[in-house]
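Take a look at the structure below.
Nothing in this text is a laboratory measurement; each read-out follows from the coordinates by a stated rule. Small disclaimer: the values here were computed from a predicted structure and weren't measured. Heads up, the Cβs are rebuilt from the backbone with ideal geometry, glycines too, and the neighbour counts pull from every protein chain shown.
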């Protein structure tokens, strides 16, 4: 069985007006198996959302290959891309910004079917949309309502229903549960897991929340300054982290159990900027396999925690 | 075994039966709790449960630019000299002396709390000039000292920079420096780390705790993040639909929650490390908050009653 998604040597560089460049993605490679959740974790600016957008081809990669269910889609034009878009859908963070306020939510969920010419007649479409509503835990009778009549969690269910309309193999979830209240977040996570078991979906689950990722993911990739510094089975990465940045993230994440309260060193330090002056670029990390499927970047000299609180690229010397 | 109220400390802030309305809507309904020196009280609840309105009402900031009215209750604040004052009955000039001096606030988004056209040092110095009547030069020197205290590297240089020139974590340190400027008795922190990355959040929470140890300040921490609560709070107030659901020590409420809603809330929290030893993802085993709901019946205090 071929992988749902393979990404090889993916690179995305943004040029800035002052000729410096942001290396948002560098040499990013991974595969997502059918029915698997690969979580991508990291802090602001690590490149995880750029990754989601490049994989969807909402942004063009600077280099590298994207292989979706066995087909290289990296250079397909929009017409050739269209049939492959069915295989891959995205759910964004903000369910308020992702739905047209002037259209019923039933229309929103049916829209992908219409765009792809799969709607059939009105009765058939209504039946399919109704089935999707039920699949995500909503009532058929809610199809005629408008987005403002729903809570954040219900809207995210609507966005998930819309993503599932075309029966994709891969769903890219970019911080899809981050904006939700914790009890609603848990319900949506449970829904996503149930749908995965039911439909064999693969998820590329982009998140900053390690506790959520621990719950959801089969495998985890840790990103730092545009590169994957550690990737492997969730249990291996969480219980036997190899890279110092992974350890730093795990140490920093709060644990929702007062019995496990830890003293924290009074550190001051921030992740350096991924912005590089013209003519310079980051050194490529070299991944070493520590146990089957568990890779971590070899650390020659770990980019030091940047002691400078200001951001300019000038102060950036990893 | 309950971590009881430290003996002999009386609350620095005592909220009784606070009720706040926006027209016909009751945003806070009969809320009571106490805040003690040197302790951190977390006020938790989901969006719209009334936690931020509670904070703004204590500072009497809720009445600015909204149709809100504080309809009842008492907020007794104990001054450093031992005298008490009901903030809900105080006049505006009195409140203006208290805000930023005796009680200060830290908000979620430091970029919107800082003025973009003044340097960071000037903004902290302003607090000292207003409340302490410090001279421009003295206030400026004190601001740099405060930046040092919140572990801002190169404090003198940062003091002459503008908000957009520094990172979000550093901005929040500046907000903390400003909150500390007049040695407040109470700091109200409304989601102070929600906009920050997790490694920066850990630094800011560690800093707040360290400073609290040094100063014996009472901290009221408003948050939706139960991980943060478990890490830093001593006591907890759980709110839902404008009302108190449960209060008590953090240990008691996490280990033996009494209200069904608290149990539901705790069942939905992902706890880092809880999946150790397993390979596969696992759904949450959720408690339904509303099954045979009896808010009145099981609401109340858990453990150490305040």
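With viscosity set to 1.002 mPa s and temperature to 20 °C, compute the Stokes-Einstein D of region A:148-283, Rh being the Kirkwood radius across alpha carbon pairs; µm²/s, no decimals.
After rounding, the answer is 123 µm²/s.
Over all alpha-carbon pairs in region B:1-153, figure out the percentage whose distance exceeds 26 Å.
Value for region B:1-153 (Cα pairs over 26 Å): 39 percent.
Which of A:11, A:65, A:261 moves the most in a Gaussian network model of chain A with Cα springs under 10 Å?
Most flexible of the set in this elastic network: A:261.
So what's the back-of-envelope 222 nm ellipticity for the protein assembly as shown, counting only DSSP H runs of four-plus at -39500 (n - 2.57) apiece and dividing by all residues, rounded to 500?
-9500 deg cm²/dmol
Anyone know which of B:45, B:227, B:169 comes out most mobile in the 10 Å Cα GNM of chain B?
Taking springs between Cα atoms under 10 Å, the residue moving most is B:227.
Can you order the peptides B:261-268, B:95-102, B:112-119 by their average number of other Cβ atoms within 10 Å per residue, highest first?
Descending mean neighbour count gives B:261-268, B:95-102, B:112-119.
May I ask for the distance between the Cα centers of region B:37-92 and region B:245-265, given as a whole number of Å?
Comparing the Cα centres of region B:37-92 and region B:245-265, I get a distance of 23 Å.
Take peptides B:36-44, A:82-90 and line them up by average Cβ neighbours within 10 Å, highest first, as a rough protection proxy.
B:36-44, A:82-90
Tell me, what is the percent relative contact order of region A:193-238, built from C-alpha pairs under 8 Å that lie six or more residues apart?
Worked out over region A:193-238, it gives 25 percent.
Expressed as an acute angle from 0 to 90° and rounded to the nearest 10, what is the orientation of the C-alpha long axis of helix A:105-115 relative to the principal long axis of chain A?
80 degrees
Sequence gap at least 6, Cα distance under 8 Å: using those rules, report the relative contact order of chain A to the nearest whole percent.
23 percent
Measuring from centroid to centroid over Cα atoms, what is the spacing of region B:126-172 and region A:33-99 in Å?
With region B:126-172 and region A:33-99 each reduced to a Cα centre, they are spaced 44 Å.
Once the Cα atoms of helix B:120-132 and of chain B are each reduced to a long axis, what angle between those two axes, in degrees from 0 to 90 to the nearest 10, is obtained?
Between the helix axis and the principal axis of chain B, the angle is about 90 degrees.
Please tell me the relative contact order of region A:28-78 in percent, rounded to the nearest whole number, where contacts are Cα pairs under 8 Å and at least six residues apart.
Relative contact order of region A:28-78: 16 percent.
Take B:229, A:115, A:184 and order them by how many other Cβ atoms sit within 10 Å, fewest up front.
So the ranking, lowest neighbour count to highest, is A:115, A:184, B:229.
Calculate the all-directions average of the projected area of region A:177-243's alpha-carbon convex hull, and give it in nm².
Quarter of the Cα hull surface area: 5.0 nm².
Against the empirical 2.2 N^0.38 Å scaling, what ratio does the C-alpha Rg of the protein assembly as shown come to?
Scaled against compact globular proteins, the figure is 1.02.
Count, for each residue of B:218-225, the Cβ atoms from other chains sitting within 10 Å of its Cβ, then give me the mean as a whole number.
1
Over the whole of A:83-91, what's the average partner chain Cβ count within 10 Å per residue? Rounded to a whole number, please.
That works out to 0 on average.
Taking chain A as the reference, fit the longest principal axis to its C-alpha atoms, fit the long axis of helix A:182-199 to the helix C-alpha atoms, and give the angle between the two in degrees, 0 to 90, nearest 10.
For helix A:182-199, the angle is close to 70 degrees.
As a footprinting exposure proxy, order A:40, B:53 by other Cβ within 10 Å, with the fewest listed first.
In order of increasing Cβ crowding within 10 Å: B:53, A:40.
Which of the peptides B:248-255, B:71-78 is most tightly packed, and how do the rest follow, going by the mean number of other Cβ atoms within 10 Å of each residue?
Descending mean neighbour count gives B:248-255, B:71-78.
Roughly how crowded by other chains is peptide B:261-270, in terms of the mean Cβ count from those chains within 10 Å of each of its Cβ atoms?
Mean shielding by partner chains, rounded to a whole number: 4.
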